1. If you go through region 11-21 one residue at a time, do you hit one that is outside the structural domain of Asp153 (by TED's automatic domain parsing), in a helix (DSSP H, G or I) and out of contact with any His (no Cβ under 8 Å at 6 or more places or on another chain)?
2. State whether the residues of region 153-170 include one that is more than 18 Å from the chain's Cα centre (by Cα), among the acidic types (Asp, Glu), at pLDDT 90 or above and surrounded by 13 or more Cβ atoms within 10 Å (Cβ to Cβ).
3. Filtering region 66-92 down to residues that are at pLDDT 85 or above and outside any helix (DSSP H, G or I), which residue is farthest from Asn185 (Cα to Cα)?
4. Over 14 Å from Val232 (Cβ atoms) and surrounded by fewer than 20 Cβ atoms within 10 Å (Cβ to Cβ), is that true of Asn304?
5. Just to be sure, is Leu243 hydrophobic (A, V, I, L, M, F, W, C), modelled with pLDDT of 75 or more, assigned to a loop (DSSP other than H, G, I, E, B) and surrounded by fewer than 20 Cβ atoms within 10 Å (Cβ to Cβ)?
6. Could you give me the residue pairs with C-beta distances under 8 Å whose first residue belongs to region 165-193 and is more than 18 Å from Thr144 (Cα to Cα), whose second residue is among the basic types (Lys, Arg) wherever it lies, and which are 6+ apart or on separate chains?
7. Of all the residues that make up region 215-240, how many are at pLDDT 90 or above and among the basic types (Lys, Arg)?
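The values are calculated or read from the model by the stated rules, or taken from the named source; none is laboratory data. Keep in mind it's a predicted model, so treat the numbers as computed, not measured. We place every Cβ from the backbone using ideal geometry, glycine too, and count neighbours over all the protein chains shown.
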Amino acid sequence: MSQLYRNTSYIKGVRYFGNYSLRAYLPKSRLTIPLGHKDKKKGKAVQSAVNEIEKNAIRYPDKDFTNDIYVSCSYQPKVDIPVYKFDRLFNRMIKGKVKDSVINSRTKEIIMGKKHKRSGLVIGGIYPLFIKGIFGRLDIRDITPAHKDMLLDKLDKGYLKSGARVKYSDASTNLVKRNMTTFLNWLVEEDYLDKVPFKMKQTKSKGMLTQNNWIKKSVFYEICSYAHFTDVAYFKVAYNTGLRLRELRTHIEDSSSIKCYHSIKRESGLYWIEVYGKGGKVAEIPLQEHIKADYDTMVANPKNPRTISANFKMACRLAGYEHFHFHNLRASFISNLAIVGTPAKVIKELARHSDLKITSSHYLGDKDMNKNILETWMKNQKNQ
């Protein structure tokens, strides 16, 4: 006998009832058919008709009654074409972006995770951790706003750490939303869908640059006192140029998978760093004379980016500033420019941001921090 049931889902602990579906049983197969409505009486009538077909199927086991059941349910079966599977298309998009150098292998690892060499298991990744469980098996034509609510609910729940539930950061949440939005837009651009099923609004960031992660000069030199002089050279170059960790390398062969490095040249009596940075962007930034000696020390002592990052973290712990990490050096470079009254457009160029909004919202988004910067700048103006 067939089964009539109603689809349900839980969003933020609340149970929602959807449309009715019918499960029919034939001698050689089982069919699950969405009825597409919430009318129980109508569903019962369809179920009675299907029950009669099931009885005939038992009497004539060699005959296929599948189409008869579909007609009784007013259901047009959707051809299960693999090309419309969410998982397959998401992978295709990522492979295409890597091939076209839109993203590098490092970004791919952040999105898709990294395979463990011994076990072959995928570790981390935005897609496996957040998106695949909800959307992976779906036909993209079946995506609805209800799936968006399920994703937001998952992000709101956070994760367990030492028995306590911890919320995901705004940066992590926005990264998931951006990847989802990018994929849905890509489906429309590639003509898989006529329009995006839903839109995802970015969580308003509080800004990376706050009182807790801005490294003042006095604190910076205190941290440096706990590190080896070759590591200090790396720290000083990053603090005074805003170079990202992986951009500190000087040889392309050292970064064949990441493609982030830099070179140096001298023009009109000035040193210029030519940066081949994030997203394949090329830019030139000045290198101050007082940093040149540290720069030479850095080049003479090549180190793996992970080693540099770990050594900086260790120095921070020894100095009593455990919350700092290497990227704070870049954030502090931007902060120090703002303190001395550097115009926002100049900061944007030196930071190599594609949009001024990134500079202001991501790095100067904290109101208390901005007030502190303005007060310091005003004091500097008075002393001049």
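1. So far as region 11-21 goes, no, none of its residues is outside the structural domain of Asp153 (by TED's automatic domain parsing), in a helix (DSSP H, G or I) and out of contact with any His (no Cβ under 8 Å at 6 or more places or on another chain).
2. no
3. Cys73
4. yes
5. So Leu243 fails the test.
6. Arg165/Lys157; Asp170/Lys204; Asp170/Lys206
7. 1
The rows are residues; the columns are (1) surrounded by 13 or more Cβ atoms within 10 Å (Cβ to Cβ); (2) in contact (Cβ under 8 Å) with a residue 24 or more places away in the chain.
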| site | (1), (2) |
| --- | --- |
| Lys38 | yes, yes |
| Ala49 | yes, no |
| Ala57 | yes, yes |
| Gln76 | no, no |
| Phe86 | yes, yes |
| Gly96 | yes, no |
